[in-house]
Number of protein chains: 2
Amino acid sequence: MKIDDAAARLEALGNRTRLQIYRALVRAGRSGMPVGRLQDKLKIPASTLSHHIKSLVAVGLVNQVREATTLICHANYDSMQGLVDFLVSECCADEAECKNAKTAA
Amino acid sequence: MKIDDAAARLEALGNRTRLQIYRALVRAGRSGMPVGRLQDKLKIPASTLSHHIKSLVAVGLVNQVREATTLICHANYDSMQGLVDFLVSECCADEAECKNAKTAA
DNA sequence: CCCATAATTCCAATATTCTAGAAATACAGT
DNA sequence: ACTGTATTTCTAGAATATTGGAATTATGGG
């Protein structure tokens, strides 16, 4: 993963509201959750919510599937996993020891 | 971890420059890296660099130890691990199946 | 105490993000 | 086509972040 992609994903998650959205979707699992339900759950205006969801979709952390008039949102696990891998990779690349952190990755 | 702490850490990493700083420190491993060397490496003005480092320290992702006139910066692995754990935790909490993502955590 | 090096803080300009109401669009049922 | 529900886009003001030069502080050597 390129550093700009990683930064974009981290930035997307680095906002309380968007992180709440993302967590709700992670909790919802494979079945996902419609935009409307997110709105009920998080109590934020539709337009605000829509903007935040758009950010998450733009960086690939969230996918959407239309089902009639409702849009179902899904957390994209692969995208998150790629980000996590990026974060823990190259640990101590410029150093010798450091076994702990390597196993943590 | 509280969601606000997680969001703060993600926001700190969600900026190209700060992510570059953090990665350089991760690569440097236990020995860390002085602020001045980061400046040489990343070619950014001292004040800008200092601001960014301060953000990373504020959220606990980076620690600093003074050694004479130079300040050595270290990536805090525990802090990062806590963040990663937070991100992959509670996957599918509201659903039944979903084994893949669980094992990924 | 004075100097040099390392790094931070002060300050201000610029840029970006966040928020949300209002208007517009998407879709399905009748 | 008309209506209602779901959601997005338009728009713009307020808030926050980013940047970097200049001044300041921190530390140790002579």
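The values are calculated or read from the model by the stated rules, or taken from the named source; none is laboratory data. In this text the structure is predicted, and so the values were computed from the model without any measurement. When we count neighbours, we look across all protein chains shown, and the Cβ atoms used for this are built from the backbone with ideal geometry, even at glycine. The area values use the complete protein model at the heavy-atom level, side chains included, leaving out ligands, DNA and RNA. Shrake-Rupley method; radii C 1.70, N 1.55, O 1.52, S 1.80 Å.
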- Message: With the requirement that a residue be in a strand (DSSP E or B), β-branched (Val, Ile, Thr) and closer than 19 Å to A:Leu10 by Cβ, what does the range A:26-72 give you?
- Response: A:Val62
- Message: Taking the conditions exactly as written (at pLDDT below 95 and open to solvent by 50 Å² or more (accessible area, probe 1.4 Å)), does B:Ala68 satisfy them or not?
- Response: yes
- Message: Among (1) in contact with a Leu (Cβ under 8 Å, 6 or more places away or on another chain); (2) within 7 Å of DNA strand C (Cβ to nearest atom); (3) of a type outside the set (Ser, Thr, Tyr), there is one condition A:Ala46 misses while meeting the rest; what is its number?
- Response: (1)
- Query: Within the range A:71-83, can one find any residue that is within 16 Å of DNA strand C (Cβ to nearest atom) and open to solvent by 40 Å² or more (accessible area, probe 1.4 Å)?
  - Reply: yes
- Note on the structure: Contact list, first residue from the range B:73-87 and outside any helix (DSSP H, G or I), second anywhere and among the hydroxyl-bearing types (Ser, Thr, Tyr), beta-carbon distance below 9 Å, six or more apart or interchain, is B:His74/B:Ser31; B:Ala75/B:Tyr22
- For the range B:14-32, enumerate the residues that are aliphatic (A, V, I, L, M) and surrounded by 21 or more Cβ atoms within 10 Å (Cβ to Cβ). B:Leu19, B:Ile21, B:Leu25, B:Val26, B:Ala28
